[in-house]
1. Rolling a 1.4 angstrom probe over the protein chains, ignoring ligands and nucleic acids, what is the accessible area of residue 230 in square angstrom, nearest 10?
2. When the chain is fully extended, how far beyond the present Cα-Cα distance does residue 289 get from residue 125, taking 0.36 nm per residue of separation?
3. Using a 1.4 angstrom probe, figure out how much accessible area region 177-274 has per residue, in square angstrom, rounded to the nearest whole.
4. Determine the distance separating the Cα centre of region 253-280 from the Cα centre of region 168-199; give it in Å without decimals.
5. Using the charge dipole of region 253-294 (Lys, Arg: +1 at Cβ; Asp, Glu: -1 at Cβ; taken about the Cα centre), state which of 278, 253, 264 has its Cα farthest towards the positive end.
6. Take the Cβ-Cβ distance between residue 80 and residue 246 as r, set R0 to 30 Å, and report the resulting FRET efficiency rounded to the nearest 0.05.
7. Treating only the Cβ atoms of Lys and Arg (+1) and Asp and Glu (-1) as charged, compute the dipole magnitude of region 175-260 about its Cα centre; round to the nearest 20 debye.
8. How big is the dipole moment of region 151-295 about its Cα centre under a simple scheme where the beta carbon of each Lys and Arg is +1, that of each Asp and Glu is -1, and everything else is neutral? Debye, nearest 20, please.
Amino acid sequence: MHNHGFGACDCPTDTSPQKLRVLAIALVMVAGFSILELKVSHHSHSLSLVADAGHMIADVFAIAMSLLAAWIAQWPTSPQAPFGYRRIEILAALVNGIGLLTLAVWIGQEAISQIQAPPEEILTTPMALTALAGLGVHGINAVLLHQHTDNDLNLRGAFLHTLADALSCLGVLFVAAAVHWLGWQWTDGGVSVAIALLIFTGAIPLIRQSLSILLEQTPTSINPEDIKQHLLTFGDITQVNQLRIWTIAPGQIHLNANLTVTGSPNRRDLLLHRLQTSLHNDFDISESTIQMRAEPAVVLSTLPNTKIRELIETGSTGLNSVVPVETEPNASRLLER
């Protein structure tokens, strides 16, 4: 049996330096404003503003981690890291998602306590002014980060933090208006519960997608059976075995397959190129490792003599002791094939 292996199509995904600049700008803006908001929140006695300030402090660490991960992800491939370092961004996204869940739980618990025992006085003017300023900061960051979130879980995590902050500011504005004009002290805790739920629901998909990539699960957008049937449409391919598809990082899908093919070895380079081009164009699979082996010339299970099959499989040529003399020429011809 003749085996022929082929390597992977190396199609690296570009990590733009613009991502680093966007994250650096977001980090500076959030860090500076979080200090101001934390001071105002304690002065105004508003839980919703405290929750937003706490979330912003968490954002400082989350965006810093995203920035570090994006920088490491640009490191070149090496023999020790053949796929590069883009998985570090998935780890950062997972940590950001877990941080969002933790923050949501904390805000929810504090909100329930405040609903049960509302504060006697909430200073609405500093609340509203701080929330308006925060809405501007988070709005700018959200616009900058959203441009890069389509195929980047790391930036999506940072964007979700920023989006949650913007929603928190809107909630704080609502609380300030409700307390100032209607005297509804309970809205401070109620809005905080709503903010916690929004943060929680945004974190779950981020964690789920990060875990799916780290566990090397097949992407939900791809059906392996469709890939198999597609490969079998190529005339020289008769069998598809050991088909595995997983995601290295968002936008970087890898395929591994063992194919049984017909035709001469000289045709397989062209077939490999056709396969990799088709997988990239039709299924957005950027990298593939495909091994090809020739179809067996003799189907061993159809041979009448077990010893002959054993000799062919082991490559032995000493037939006299195991087969009659009159069958030796036939067996020799089988070995030559």
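1. For residue 230, solvent-accessible area is about 40 Å².
2. Working: separation 164, 0.36 × 164 = 59.04 nm, distance 6.24 nm.
Full-extension gain reported as 52.8 nm.
3. Values: 5020 Å² over 98 residues.
I get 51 Å² per residue for this part.
4. 60 Å
5. 264
6. Result of the calculation: an efficiency of 0.90.
7. Dipole about the Cα centre, nearest 20: 80 debye.
8. 220 debye
The values are calculated or read from the model by the stated rules, or taken from the named source; none is laboratory data. A quick note: this is a predicted structure, and the numbers were derived from the prediction, not measured. Methodologically, a virtual Cβ is constructed for each residue, glycine included, from the backbone with ideal geometry; neighbour enumeration extends over all protein chains shown. Areas reflect the complete protein model, heavy atoms only, side chains present, ligands, DNA and RNA absent. Shrake-Rupley method; radii C 1.70, N 1.55, O 1.52, S 1.80 Å.
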